[in-house]
1. Bin all alpha-carbon pair distances of the stretch 104-184 at 10 Å intervals from 0 and give each bin's fraction as a whole percent.
2. Explain nothing, just the number: dipole magnitude of the stretch 160-254 about its Cα centre with +1 on each Lys and Arg Cβ and -1 on each Asp and Glu Cβ, in debye rounded to the nearest 20.
3. Work out how far the C-alpha atoms of the stretch 172-256 reach from end to end along every principal axis, then list the three figures in whole Å, largest first.
4. Given H placed on each backbone N at 1.01 Å, which residues far from Arg133 in sequence or on other chains put an amide H within less than 5 Å of it?
5. Quick one: what are the phi-derived ³J(HN,Hα) couplings along the stretch 50-59, Karplus 6.51/-1.76/1.60 with θ = phi - 60°, whole Hz, x for glycine and proline?
6. Translational D (Stokes-Einstein, µm²/s) of the chain at 25 °C and 0.890 mPa s when Rh comes from the Kirkwood sum over C-alpha pairs?
7. Just want to confirm a number: the relative contact order over the chain, from Cα pairs under 8 angstrom separated by 6+ residues, in percent.
8. So what J values fall out for the stretch 62-68 if you push phi through Karplus, 6.51 cos²θ - 1.76 cosθ + 1.60 with θ = phi - 60°, rounded to Hz, Gly and Pro as x?
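None of the figures in this text is laboratory data; all of them are computed from the coordinates on show. Source: prediction; values computed, not measured. Here the Cβ is made from the backbone with ideal geometry for all residues, glycine too, and neighbour counts use every protein chain on show.
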Amino acid sequence: MTLSDIDVGETLAAICEAAAGVILPLWRSGLTVHSKADESPVTEADRRGEALILERLAAAFPDVPVVSEEDASEFGTPDQIGPVFFLVDPLDGTKAFVRGDPNFTVNIALIVDGRPVAGAVTAPPTGETWFTRAGEAWKRVNGGAPQPVRVRAWDPATALGLISHTATEEQIRNLTDQYGFVRTQAMDSSIKLCRIAEGAADIYPRHGPTMEWDIAAAHAVLLGAGGSLSTPEGEAFVYGKADKRFRNGWFVARGG
């Protein structure tokens, strides 16, 4: 199987859903939480999910390199990367997972020339999967028939901004003043971008650190749904920043 043979997003969706099947039984199971070198949490769910994803990607796309979160945490990120590669976050929102909250996701993105051209995101607790197909964004629930998703038009009277649980009241005020949304909802993980993609929210400004694998898959879905993700200055957001160890700067994800 090669990248030209198939619609990659659908294959990535199937792999994400298989990983979700490994991860979900471990949710709320009282499993041990370990600390990585950067003191962020990691669990057996992260590790099992990543092992399955790496195995499936190697079988389907043996010539395409992969940059994945847990492997990078243990062995470091590559010093350089070619124009085509996968980004994998087997469990984005580990803190939510550990708390028992449902907003955590499985993420795989295909990057070509710095852009996320295909991606899939699965939310294991709800069985929701968002993925790209033929340049558009689709969603299915528990393996059901996929339906297209689309961002909604911006309404300044009701605009909903998604924020991180760690945002302070002062930070929230600054963000609402700067970006013009009037309602907020706190949420973990890349699911925020998917909620914008399906028209359930309008904007997610991130004035803080993330890694490329945190958002690339959901970025692909958002693009397919007619949304955008850029720097706060409106510049293109690129992937493959090996010289920065795949760290992201600030960004703003928008719907219509």
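1. Reading upward from the zero bin: 15, 30, 35, 19, 0.
2. With Lys and Arg at +1 and Asp and Glu at -1, about 140 debye.
3. That gives 38, 27, 23 Å along the principal axes, largest extent first.
4. Residues meeting the amide H criterion: Trp138.
5. 3J(HN,Hα) across the stretch 50-59, in whole Hz: 5, 4, 5, 4, 5, 5, 5, 5, 5, 6.
6. 136 µm²/s
7. Reported relative contact order: 19 percent.
8. x, 9, 9, x, 10, 10, 10
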